[in-house]
Amino acid sequence: MHLLKLDWNPVTGIDIIGNFKIHFYSLMWVAAFVIGFYIMKRIFTKEKISLDYLDPLFIYTVLATMLGARLGHVLFYQSELIQQDFFSIFLPFSFKNGVEFTGFQGLASHGAAIGIIIGMYLYRKKYNYKSILWILDRIVLAVASGAVFIRIGNFINSEIIGKKSGDFPLGVRFIQDYYNKYEVTRITGIKDVQKAYDAIASNPELLEAIPYRHPAQLYESFCYIFVFLILLYFYAKTKKSEQTGFLFGLFLILLWSIRFFVEFFKEPQGEEYINWFGLNTGQWLSIPFILIGLYFMFVYKPKTALK
């Protein structure tokens, strides 16, 4: 018996011309960056940091996040792209079955995290006004808020789906995951992909074959709201923002612990995934971040006080 019984068949974007479409997933990324920008603007204003440093921080963050997320996905989950469709790694197009605009699909949060840390290091080398940990202690608020939108985007795209939910009270049938766009046009004989999916959604026999799954993307998105609120509380209501590395460490522990446990509800990602001791790729990649977070929260001592 499902409390939430949902057949998920959304319109994933707005058709512009030909194969070009504005994907709602891409708009979720835009929302994440814009909201993150205004969070950092409030922080800079509150702490009397020149706003001249804000625009380059935004540019570094966007580039580091997108490049890190894309390369992380390829290296951790889809390394076959290096040989099969190399240019799709860096361009929002797939060249495997002709030229097709796909947007930047296939982005890994672990890669994004590594990219942001490297990006902030490079940013700090050029703009020497605070320590790198001061920057990381504050940018994690923007990152945590953005993570909420990214997982909503994953849900819209019917990607990073959950395992079969069985008798669990929440269950979603991801129509667009079960039937890919080539299958759905072949099965229905309808060339328009969205109309073909709509035909599937109205056919009880075809729907019956689709299992109910955990909406793992929404589990994760919901939990990230609390990560943001907890970080905001410690930043705004306590003196922990003055403890170098504390907020950065807290962020790493909270976010990657959530990722670790939600992975138990997800299907494996990519063709080359690991399963060591019952833990998958995402879980093994999360453990080092949690350990680093513990170090910065409870062990790290700055060599010199911030001025």
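The values are calculated or read from the model by the stated rules, or taken from the named source; none is laboratory data. What you see is a predicted model; the values in this text were computed from it and never measured. Neighbour counts run over all protein chains shown; Cβ positions are idealised from the backbone, glycine included.
Annotation note: of Glu267, Glu208, Glu272, Glu242, the sole residue that is at pLDDT below 95, farther than 26 Å from Asp177 by Cα and acidic (Asp, Glu) is Glu242. The residue list Ile161, Ile230 contains one member that is under 26 Å from Ala108 (Cα atoms), of a type in the set (A, V, I, L, M) and crowded, with 21+ Cβ neighbours inside 10 Å, which is Ile161. Output the qualifying pairs, or none if there are none: Cβ atoms under 8 angstrom, residues six or more apart or on different chains, first residue in region 278-305 and within 19 Å of Leu75 (Cβ to Cβ), second residue modelled with pLDDT of 95 or more and surrounded by fewer than 20 Cβ atoms within 10 Å (Cβ to Cβ). Matching pairs, first to second residue: Gly282/Phe260; Gln283/Phe260; Ser286/Ser257; Ser286/Phe260; Ile287/Phe260.
Of all residues in region 31-80, those that are under 18 Å from Ala147 (Cα atoms) and among the aromatic types (Phe, Trp, Tyr) total 5. Within region 236-250, residues that are free of Cβ contacts under 8 Å to residues at least 24 places away in the same chain reach partners that are in a helix (DSSP H, G or I) with beta carbons closer than 6 Å, at six or more positions or on different chains, in the pairs Lys240/Phe234; Lys240/Phe246.
Across region 228-252, the number of residues qualifying as touching a Phe, Trp or Tyr at 6+ places or on another chain (Cβ under 7 Å) and over 12 Å from Arg138 (Cα atoms) comes to 1. Sort out which residues of region 169-195 are surrounded by fewer than 20 Cβ atoms within 10 Å (Cβ to Cβ) and either touching a His at 6+ places or on another chain (Cβ under 7 Å) or of a type in the set (Gly, Ala, Ser) (or both), and write them in order of number. Answer for region 169-195, where residues must be surrounded by fewer than 20 Cβ atoms within 10 Å (Cβ to Cβ) and either touching a His at 6+ places or on another chain (Cβ under 7 Å) or of a type in the set (Gly, Ala, Ser) (or both): Pro169, Leu170, Gly189.
Of everything in region 251-289 that's in contact with a helix residue (DSSP H, G or I) (Cβ under 6 Å, 6 or more places away or on another chain) and within 20 Å of Ile132 (Cβ to Cβ), which residue is surrounded by the fewest Cβ atoms within 10 Å (Cβ to Cβ)? Top of the filtered list is Ile253. Listed by position, the helices (runs of 4 or more DSSP H) contained in region 14-91 that have at least 3 residues being surrounded by 17 or more Cβ atoms within 10 Å (Cβ to Cβ) are 24-46, 54-76. Here Asp7 does not fit the description of being over 30 Å from Glu205 (Cβ atoms) and of a type in the set (Asp, Glu). Any chance region 153-166 includes a residue that's within 30 Å of Tyr53 (Cα to Cα) and either in contact with a helix residue (DSSP H, G or I) (Cβ under 7 Å, 6 or more places away or on another chain) or without any contact (Cβ under 8 Å) to a residue 40 or more places away in the chain (or both)? Yes, that holds for at least one residue. For region 1-13, filtered to residues that are of a type in the set (A, V, I, L, M, F, W, C) and in a loop (DSSP other than H, G, I, E, B), the residue that is modelled with the highest pLDDT is Val11.
Check whether at least one residue in region 71-83 is over 22 Å from Glu242 (Cα atoms) and of a type in the set (Gly, Ala, Ser), and report yes or no. Checked region 71-83: at least one residue is over 22 Å from Glu242 (Cα atoms) and of a type in the set (Gly, Ala, Ser).
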